[in-house]
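The values are calculated or read from the model by the stated rules, or taken from the named source; none is laboratory data. Since the structure is predicted, the reported quantities are computational estimates derived from the model, not experimental observations. Don't worry about glycine lacking a Cβ; one is built from the backbone with ideal geometry, like all the others, and counts go over all protein chains shown. Heads up: the accessible areas ignore ligands, DNA and RNA and are worked out on the full protein's heavy atoms, side chains in. Shrake-Rupley method; radii C 1.70, N 1.55, O 1.52, S 1.80 Å.
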Amino acid sequence: MYEFRKSFCFFFLLDSVNYYHSRKGWRTKKKNRRIFQMNKKVLGMLACTAVAASMAVGVSAEGDLITIGYAQVGHESDWRTANTKNYEDVFSEENGYELSLIDCDNDNAKQLEAVRNFITQGMDYIVIAPIQSAGWDTVLQEAQDAGIPVIIADREIEADASMYDAWVGTAPYDEGVTAGNWLAEQLDGAEAKILQIEGSVGASAAIGRTDGFAEVMAEHSEWELLDSQSGDFTQDGGQAVMESFIKTYEGQFNVVVCQNDNEAYGAMDAMDAAGITYGVGGDVILISYDATHDGLQYTLDGKINLDVECNPIQAETVKGVIEQMEAGEDFEATTLITDEAFCAPGIESEFATTMTEEILAGRAY
Ligand code: AHR
């Protein structure tokens, strides 16, 4: 479908030169050349203006909805729920799309199977939010062989960029550095005994945040990482890890870093149950990631000291890339969604914005 629409449009818009020079357009060149010749005969009677108009609203040149297969990580967090809703809103039938979103339940095998099913179904585009960063080469090769463009979204993968068409996501390493810089600024040379609850093992969002924070930690000999374990980006996981940390390290820690808001909620429950105070004026500095609505409410309430944003509103950007592909234009091969960081009232920081009611009211998720 992708090739058909491309060659159809090129013929009438005389834009084939542009296509052959578009980023990553090399992959489908040969196939398009063949279809281009065929379409010249079949499509000569159709009006160019109708094509341009239909493409503008995200409908294929034939008037069909553009089919998108989205292999979503799962439903592990509030962040993920917001991301799913964002895709459903943006890739609506009203906008000219038919979205097949598969909740892969944080199961890597299930996600590979979902992508293979999208290939078999002949989706126009496949979008993958990778659970794991490793192990993608074979299935990406299969998508390439089928001529289906793939966009990697949200997280990163360990594959050569030639194996997929575009990437849209955030920068977890930078988020980790922001958390570290903020902590250094606030502690101003004081000692830190840190417990970290990581995200899902093998997920680039967890790897990046761990590495970025570690980079800053390495500059501070007065900091000690007592322990770091995965809470799988879930509230239950965060609570279970924190309960076990409390058993081992009670009275020995003054910083808890949770790699998403849901883990932070679980850690808060565990600390509440153990009578450990946290947040502004508490025994423990609590750092979280995501900056979802509830996370920022806790930040505004002074329960979370710092919440580093990871923006789940990415579908419009993915749609923009797809529209560029549909139009045969140069498209953005890499788009970074920018993040902010927010700290509790009473805290001033070079690295984070101090929370207010107005900021919370203006948030999209
Ligand atoms: O990949 C983004 C991460 O995945 C978010 O931080 C987390 O909440 C989600 O589950």
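Say the cut-off is 27 Å between C-alpha atoms; which of Lys85/Lys193; Lys110/Lys319; Lys193/Lys303; Lys85/Lys110 go over it?
Lys85/Lys193, as the Cα separations exceed 27 Å there.
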- Message: Once the cut-off is 14 Å, how many percent of the Cα-Cα pairs in region 125-214 end up in the long-distance tail?
- Response: 68
- Task: Compute the FRET efficiency between Arg116 and Leu187 as 1/(1 + (r/R0)^6), taking r as their Cβ-Cβ distance and R0 = 45 Å, and round to the nearest 0.05.
- Result: 0.40
- Expressed to two decimals, region 232-271 has a Cα Rg over Rh, using the Kirkwood radius, of 0.94
- Query: Between Glu358 and Gln252, 0.36 nm times their residue separation minus their Cα-Cα distance comes to what?
  - Reply: 34.5 nm
- Note on the structure: Under the 7 Å Cα-to-Cβ spin-label approximation, Asp160 and Thr338 lie apart by a distance in nanometres of 3.4
- Task: May I ask you to give the percent of accessible area on region 176-264 that is carbon plus sulfur, with a probe radius of 1.4 Å?
- Result: 44
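How about region 237-297: which GluC sites (Glu not before Pro) there are in a DSSP loop, with at most 15 other Cβ atoms within 10 Å of their Cβ?
Those satisfying the criteria are Glu250.
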- Item | Euclidean distance between Cα centres, region 234-264 to region 277-319, Å | 15
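Using a ≥ b ≥ c from the Cα gyration tensor of region 239-365 (square roots of the eigenvalues), is it rounded, prolate or oblate, where a/c under 1.5 gives rounded and otherwise the larger of a/b and b/c decides, a/b for prolate?
prolate
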